[in-house]
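K.L.:
Dumping the structure here so I can ask a few things about it.
What follows draws every value from the coordinates through simple rules; no lab data is involved. Keep in mind that what you see is a predicted model, and the values were worked out from it rather than measured. No Cβ is skipped: glycine too gets one built from the backbone with ideal geometry, and neighbour counts run over all protein chains shown.
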Amino acid sequence: MINTHAHLDFDEVKNFDFSTEETIVPSIGKENWSKVALFDFFALGIHPWYVDQHSDLDLDLLEIQIKKNKPIAVGECGLDFSPNHKSNQLKQVYFFKHQLHLAQKNNLPVIIHSVKANHEVISHLSERDNYGVIHGFYGSPEEANKFTSMGFFLGIGHAILKPNYLKMESIIQTCPMDKILIETDDDNPGDLTKIASKISSIKGLSYDETVLNCDNNAKKLFGI
Ligand SMILES: [Zn+2]
């Protein structure tokens, strides 16, 4: 099974056994670009939490790294306007737009982190021709619908295992099966099978059918 988003280079996930799955490993900034490039499938980008540690020069370096190391996507990039992270919104937008441009220019999908910012992310994406995934999607059914109708995939993770997953359940119900990806992020990567089985029960599909479907979606999006 393909885990479409897990930070395998982070200390807290290093000890999990990933032998039965293929994993897409995103980066968070210049300090782990070379680390993630050691994995089979990796993405290069600057995460919105770390834009303050980066400059215009780093955006140039990112482009050089993309051309040299051939990642399968640009990311993790995006916007995070939650209370702890929203103090530098303008800088986040600047880095996000630049990375959308880099993805388009290099014909790569984008892996997008969108927290309390779905509205803004939708408005930026609607101005361009990017494609990719809204990783760890959390939002309203309308926002889910908007993203998928723009051709974006929704990365479904731990949010559907939480007790208050009812909103997510209705999103999974209405989301086309060919737009769903499975991921764990850095929170219990061993839960990948639980997430897949929750999706299968909501969709009324067998577990195997669900996994096959989501794996095919990942292969299609990332060209792997
Ligand atoms: Zn992540």
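K.L.:
Filter the GluC sites (Glu not before Pro) in segment 66-141 down to the DSSP loop ones having no more than 13 other Cβ atoms within 10 Å, then list what survives.
P.N.:
Sparse-neighbourhood loop GluC sites (Glu not before Pro): E127.
K.L.:
How far, in nm, would the chain grow between L161 and S201 when pulled straight, counting 0.36 nm per residue and subtracting the alpha carbon separation?
P.N.:
In short, 13.2 nm is gained.
K.L.:
Mind listing which trypsin sites (Lys or Arg not before Pro) in segment 1-100 are in a DSSP loop and have 12 or fewer other Cβ atoms within 10 Å?
P.N.:
K14
K.L.:
Another question, if that's okay. If the elastic network links every pair of Cα atoms under 10 Å, which of G75, G136, G151 fluctuates the most in the Gaussian network model of the chain?
P.N.:
G151
K.L.:
Further question on the same structure: Which angle from 0 to 90°, rounded to the nearest 10, does the C-alpha axis of helix 56-69 make with the longest principal axis of the chain?
P.N.:
Helix 56-69 sits at roughly 60 degrees to that axis.
K.L.:
How fast does the chain diffuse by Stokes-Einstein, in µm²/s, taking the Kirkwood radius from C-alpha pairs at 10 °C and 1.306 mPa s?
P.N.:
91
K.L.:
Under a GNM of the chain (C-alpha, springs under 10 Å), which listed residue has the highest mean-square fluctuation: P189, P163, P48?
P.N.:
P163
K.L.:
Which lysines have a Cα less than 19 Å from the Cα of K70, not counting those fewer than 8 places away in the same chain?
P.N.:
K30, K35, K105, K219, K220
K.L.:
I want the local charge near L108. Using Cβ-Cβ distances under 12 Å, sum +1 for each Lys or Arg and -1 for each Asp or Glu among the other residues.
P.N.:
+2
K.L.:
Let me ask another. Tell me, what is the percent relative contact order of the chain, built from C-alpha pairs under 8 Å that lie six or more residues apart?
P.N.:
RCO, the chain: 19 percent.
K.L.:
Over segment 28-94, what portion of Cα pair distances is larger than 19 Å, expressed as a whole percent?
P.N.:
Percent of Cα pairs beyond 19 Å in segment 28-94: 30.
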